[in-house]
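Report on the following structure.
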Amino acid sequence: MITSDLFGSAAHPEHRDETLCEGAVVLRGFSLAHEPPLLQAIDTIVAQAPFRHLITPGGFRMSVGMTNAGPLGWVSDRRGYRYDPIDPDSGKPWPAMPDVFLELAGAAATRAGFPGFVPDACLINRYEPGTRLTLHQDRNERDFGQPIVSVSLGIPAVFLFGGMQRTDRALRVPLAHGDVVVWGGPARLRYHGVLPLKPNHHAALGECRINLTFRRAG
Ligand code: SIN
Ligand code: FE2
């Protein structure tokens, strides 16, 4: 019966958790309950620290627009990848981590089996149709015992979730507005990326996808 199924999944939301491998899970729709304050907080951050296209150490301009919130921000330039407490564009600290970010990231990590996660860095990525993120590992953080929490908003994307080697076959995981992926423990250093986005439209975010990546960097 449809009604009892709907009720069942609301009462037991863990039924919508999808394990990718040991230590990695997709929490479908997990951030939807926080949507209005989450979108409001992103607007406030972007007004203070606008999206920009960073340059890779190899000299390429990244197609994904990026900004940060929290005590540490992830940056890239000709000198390399690193975390910096100062926004190089403004010379000021990154905007503070909003409470709704901390609550969402902590709750998602707990649900995925990593209690006590308190991120000090939130990288905010903006993708437009055609934009992609090539396979990489997140390894600029100090403690790989801490998980990664990744929140998808806006138009859909296909997340690539690979193995411990760049050449390992990657799972293709469709991600929609509100989905949260958490990976840690034995999965912490898995390669991952995003396929080029297809043109689409989202009621709240228009033609773009925004991803929040929470990390404990320092
Ligand atoms: C990232 O790996 O930094 C972002 C992943 C995503 O956009 O889903
Ligand atoms: Fe990443």
Amide H proximity to E207 below 5 Å, modelled H, separation 5+ or other chain, gives H202
Whole-Hz Karplus ³J(HN,Hα) for the stretch 104-117, in order, using 6.51 cos²θ - 1.76 cosθ + 1.60 and θ = phi - 60°, x for Gly and Pro?
4, 5, x, 5, 5, 4, 4, 4, 8, x, 10, x, x, 6
Taking all protein chains together and a probe of 1.4 Å, list Y191, Y127 from the most accessible to the least accessible.
Y191, Y127
If I stretch the segment between T19 and R142 completely, what's the gain in nm (0.36 nm per residue apart, minus their alpha carbon distance), one decimal?
41.7 nm
Report the Cα-based extents of the stretch 17-215 along its three principal axes, largest first, to the nearest Å.
41, 38, 37
Multiply the residue separation of I86 and T134 by 0.36 nm, subtract the distance between their alpha-carbon atoms, and state the gained length in nm to one decimal.
14.7 nm
Taking H as built 1.01 Å from N, whose amide H comes closer than 5 Å to the amide H of L171, not counting residues under 5 places away?
F161, G162
Show me, for the stretch 145-162, the HN-Hα J-couplings you get by feeding each phi into the Karplus relation (A = 6.51, B = -1.76, C = 1.60, θ = phi - 60°), rounded to Hz, glycine and proline as x.
x, 8, x, 10, 10, 10, 10, 9, 9, x, 5, x, 9, 9, 8, 9, 10, x
If packing is taken as the average number of other Cβ atoms within 10 Å across a peptide's residues, how do 80-90, 25-35, 41-51 rank, most packed first?
25-35, 41-51, 80-90
For the chain, with a Gaussian network of springs between Cα atoms less than 10 Å apart, report the residue from L38, L171, L189 with the top mean-square fluctuation.
L171
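The values are calculated or read from the model by the stated rules, or taken from the named source; none is laboratory data. All values derive from a computational prediction rather than experimental measurement. Positions of Cβ are backbone-derived with ideal geometry, glycine not excepted, and every protein chain shown enters the neighbour counts. For the accessible areas, the whole protein counts, side chains as well, though only heavy atoms, and no ligand, DNA or RNA atoms are used. Shrake-Rupley method; radii C 1.70, N 1.55, O 1.52, S 1.80 Å.
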